[in-house]
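I have placed the structure first, in the form of structure tokens, so that the comments after it can refer back to it.
No value in this document is a laboratory result; all are computed from the given coordinates. Only a predicted model underlies this, so the values are computations on that prediction, with no experimental measurement involved. Positions of Cβ are generated from backbone atoms using ideal geometry, with glycine treated the same way; all protein chains shown enter the neighbour counts.
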Amino acid sequence: MKLFRERAGLAAVLFVTAAAIVGLAVLQYRWNREASEATGVRLADALQLSMVNWHLDLFRNLSEVCLTIRMAAEFSPQGDVNQFADRFAEWRSIARYPDLAADVYVIDRASPTSRPRTFQLNPGTGAFEDVAWPAALGALGGDVDTALTAALERPPEPRPDRQLTESFYNIGAALRDWRFEPAVPALIRSLSLDSAASRAAAGGRRAVQWLVIRLDEQVLRSRILPDLAHRYFQGTNGLDYEVAVVSGAPARRVIYASDPGFGEGEVVDADGRMNVFGRVSDEATLPPISIFHRTSDNRGPTAAVGVSWFPLLRPSPPEADWQLVVRHRRGGPLGAFVADMQRRGLALSFGALCLLVLSLSMLVITSIRAQRLARLQMDFVTAVSHELRTPLTIIGSAADNITSGVVETRTQLQEYGSVIGEQTSRLSGLVERVLLFASMREGHQRYVLQLLPPAEVVDTALASTEGLARAAHVAIERDIPPDLPPIIGERMAVAQCVENLITNAIKYSRDDRWVGIRARLGDEGKGERRVQISVSDRGIGIGPEDLPHIFEPFYRSPSVRRSQIHGTGLGLALAKQVAESIGGSLTVTSEPGRGSTFTLSLRCAESTVADQRAGSLDAPPFTTSLHPPRPTAG
């Protein structure tokens, strides 16, 4: 019942500990996931803000010239193209990148049937000159011609001066009519001149003009885009991101790349993507920004900033858009970095948890072993006390009988003396076993090895146990061939080891009072020959659950204790330790109800001579002193 309560308590402790560990593991997983998600959101917000600021700065550089020239287009009373020259010169005098605008054109068409006229600003004279259609504008002429014709055929839209005044202060309204042509590249604005002065200058007809500012792509590639990349994606040791502006149609083209080769192919692991220019049909929405392969919902820190852009002039496939692509330079893509960080955090957390589990397991195992050892030691104290009490009681009774005169004849005195001698020997043997066990645990026991005939060793052990076998009515069968080679060992140690095995066999022989002792020359493997002395009985046997513990000090199986078979639990432990101390081994085979066989295997003279010839022994075996290994408590 006590053992059952101990096991139930231990099971409860283990259950509570396991539940706590599982709960801690779940909490660690949740904390790690939340921390990784927070880090990912923070990195994504920072990257999105950098991309939006990059885009706003690019928009500002492009919109400055548009705003300056737009003032002339809105408030000039005449349809004279030279009205833009002063404004353009003013912009160049204050612009950060005055070379951004390579050419300025005004395309004029007075009627649907007339041919468009192209005027180009001459930087030298500061005036517009009538020129042929420039090759730099490429296929833009067809789009312009179509747009001019459509504008002339539409009825004029009245525009009160108050609206013009309000639009002057509204940057979004001021840039609303500008378009971007990525193939040139160019900024284009339609001008519809509906004032009386404009109609008079056009012979009473409604005049329509297009203003075209052709951008210098080399300035964009070599100055503006690198400056923006270093301004918004710069780290402590250079750029933190690889940055590219690419166009995918009609053929993939890299407008700018911070690193050679970046952007030439599809960047599948990009950390951020954003369309640089929008579409006319999408003017009500912001260009999409993709962060970590997810489209941003614009709820981060950029929500209050907003993004402006120039819509494209004409419908085109999405792959033709200019696109900003960024990828983290050090440590791989940020999405993979966040995932790796989460995996590393989980690995460290669960590694620490595994160490905790291992520590708790070792603590539980140590506690169980300590409790078991304490229980065995208490059983040992009880067994020793019982073993001491029986001979002491007999000796005391014999002494009382002698003192009180019960013993009268010499024959009776001899019988009492023999009883007292036997019990004294029994007490001495018990004390010797306890002292030997203590000495071996401290590592103080030494043996002087010598050559011993196996038959003499067995006969010595049989002589010591003759009285016990006779009292138990046990028949002993001896089978020792005379031609066995001598064994290597210490006479008293080997005899005591065999004696313990014989005593153990007699004690557990039960109804079938038989003990067999035989010796044979065996092979231990690796060509080493040994003499094997076996002691067999036909007693109760040993259960499979007890076999792993049978040689542990103080261990006695529960079935033996229930059968009230006396013993201290030291005999087999001492026999095994002695055998190993002199270079031998002790093994057991058993079957419950059919008996047990203990086999003592010792080195013989043949193997020792071979070892000496091979140089494996430092001294002859019969002159060597060995320190036995420190025994363990199981």
Neighbour counts of other C-beta atoms within 10 Å: give me Val406, Val184, Val243, Val458 arranged from fewest to most.
Val406, Val184, Val458, Val243
Would you mind putting 263-271, 503-511 in packing order, based on average other-beta-carbon counts within 10 Å, highest first?
503-511, 263-271
Potential extension, Val381-Glu264 segment - 0.36 nm per residue separation minus Cα distance
33.5 nm
Can you sort Asp523, Asp259, Asp240 by how many other beta carbons sit within 10 Å, fewest first?
Asp523, Asp259, Asp240
Under the 7 Å Cα-to-Cβ spin-label approximation, Glu545 and Asp483 lie apart by a distance in nanometres of 4.8
So, with points 7 Å from each Cα along the Cβ direction, the Val431-Ala25 label distance in nm works out to 5.8
